Amino acid sequence: MKQDSQEKALLAGLLVLASSFPIVFLISVLHRVGIFRIADHEYTLLIIAVLAIGTLATVISLYVADNVDFLVKSHTFDRTSRYVSIPWKHPDRIIGMYTTNPNMPKVRMNAVKLVRSGWGVRKTARYMGCSPGTITKWCSRAPKDLRRLIPTMSSRPHHSPKRISDVIKDAIIAERLRHNRCGAVIQKELENKSIKVCTSTVNRVLDRGQFLKKKSKWKRLHRNTPRPAPEYPGDLVEIDTIHYLPYWYKNDATKWYITTAIDLHSRWAYAEVGLRASAGTSLSFLRNMKQLTPFEVKCVQTDHGSEFGRYFSLNAGVRHRHIRVRKPNDNAHIEKFNRTIQDECITKGTPNNIEELKQWIRNYLIYYNQERLHMGINFLTPTQKLALIPSLKTA
């Protein structure tokens, strides 16, 4: 069809050029007879104009004949013809040939069904946006009954000449089982034994052997806010909960919850005992602490326990920040206080009931805040440290 269009365009140009010669002859005859009277210079210009028009028409026809493929594709045929642009003929538009799309097996089978329903391979390739060879391969891999999908084959190479030997793999796993250290330490241990292997290879071997604990993709992302500097009492108060089993030696499942708090600037501490740990009891504890503190609480810091969740944050009335996940050292002061109150008060004996334990803790807090010296504040008591602040609210 392209050849026919070229021949027609060329023939039209030649006809225009040939028709210009009879016109020139007719003009010259009329001029000589006297019917068509014009000046000699005008007669010359007219002859030149007629010949120029014929020549221009011939040039245009030749250009159309050379570019008829583009014109045919743009104006004559639709997008389903064989002359349209095919994606697989343009490598710069292809991002990657291998895909992990879970829907591709179904797409391949749909392409095979189109071919077997009467479509041509090239037509199906244009419709699916891939090469005809790909469609042919899919057809050869498809089952005859078309009931199963065409799975995506593994991209793993059949041969890996640069892979590490089984001896090195066994050495990596042996080091992991012996000391349970990370990949960087194992790599250094093997290097000391004259076994050359990079850290990424060690981690890959440990990962394939399921020796690494991966982060769960379902774990909630916690964004950390900047920690305020405790330059004044109440700037940062850490809160935590102690799970206390008073009668564990009797196989008694009774559990009491001791909520504790400490101010980082003055080391002033507070604690309460309850029968359950929830956001409601934590809010009640915070309200009672605010009433007893000789300073204004501006920010509280907790771990990610359920009692310090979103409900606690929305109703605390002060700024609430969480520590980093699985980083208890961020709450080091309250963790140390929990150890201190257990060693010096709670585990000194066994309370008969929860009311007795509450009385023990009240007496200990008086000693802790008013008599016990603290190395972190220059061997002062929390009460003495607060006395150095001239402007504080009264308790």
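Quick notes
- Within the range 207-223, the set of residues being of a type in the set (Gly, Ala, Ser) and modelled with pLDDT of 90 or more comprises Gly209 only.
- Residue that is nearest to Leu236 (Cα to Cα), among those in the range 254-313 that are polar (S, T, N, Q) and not in a helix (DSSP H, G or I): Gln301
- Cross-chain or 6+ apart pairs with Cβ under 9 Å, the range 336-363 first and of a type in the set (Gly, Ala, Ser), then in a helix (DSSP H, G or I): Gly349/Trp360
- For beta carbons closer than 6 Å, sequence separation of 6+ or different chains, a first residue in the range 225-249 that is of a type in the set (S, T, N, Q) and a second that is at pLDDT 90 or above and in a loop (DSSP other than H, G, I, E, B), the qualifying pairs are Thr241/Ala277.
- Test: residue in the range 102-123 that is without any contact (Cβ under 8 Å) to a residue 24 or more places away in the chain, exposed (fewer than 12 other Cβ atoms within 10 Å of the Cβ) and either under 30 Å from Lys214 (Cα atoms) or touching a helix residue (DSSP H, G or I) at 6+ places or on another chain (Cβ under 8 Å) (or both): yes
- Just one of the numbered conditions (1) touching a Ser or Thr at 6+ places or on another chain (Cβ under 7 Å); (2) more than 30 Å from Asp170 (Cα to Cα); (3) among the small types (Gly, Ala, Ser); (4) not assigned by TED's automatic domain parsing to the domain that holds Asn329 is not true of Ala184: (2).
- Residues in the range 364-382 that are touching a residue at least 24 places away in the same chain (Cβ under 8 Å) and within 15 Å of His265 (Cβ to Cβ): Asn369, His374, Gly376, Ile377, Pro382.
- Count of the range 93-135 residues, restricted to those that are under 24 Å from Arg156 (Cβ atoms) and at pLDDT below 85, is 7.
- Residues satisfying the stated conditions in the range 236-250, i.e. in a loop (DSSP other than H, G, I, E, B) and either under 20 Å from His304 (Cα atoms) or not assigned by TED's automatic domain parsing to the domain that holds Thr293 (or both): Leu236
- Residue list for the range 124-176, restricted to those being among the small types (Gly, Ala, Ser) and surrounded by 14 or more Cβ atoms within 10 Å (Cβ to Cβ): Ala125, Ser131, Ala142, Ala171
- Which numbered condition Asn352 misses (of (1) under 51 Å from the mean Cα position of the chain (by Cα); (2) more than 23 Å from Gln301 (Cβ to Cβ)): (1)
- Flag if Pro226 is modelled with pLDDT under 90 and either within 30 Å of Cys299 (Cβ to Cβ) or of a type in the set (D, E, K, R) (or both): yes
- Residue within the range 226-235 that is of a type outside the set (A, V, I, L, M), exposed (fewer than 10 other Cβ atoms within 10 Å of the Cβ) and not assigned by TED's automatic domain parsing to the domain that holds His333 present: yes
The values are calculated or read from the model by the stated rules, or taken from the named source; none is laboratory data. The model shown is predicted, which means the values in this text are computed figures rather than measured ones. Note: ideal-geometry Cβ built from the backbone for every residue, glycine included; neighbour counts use all protein chains shown.
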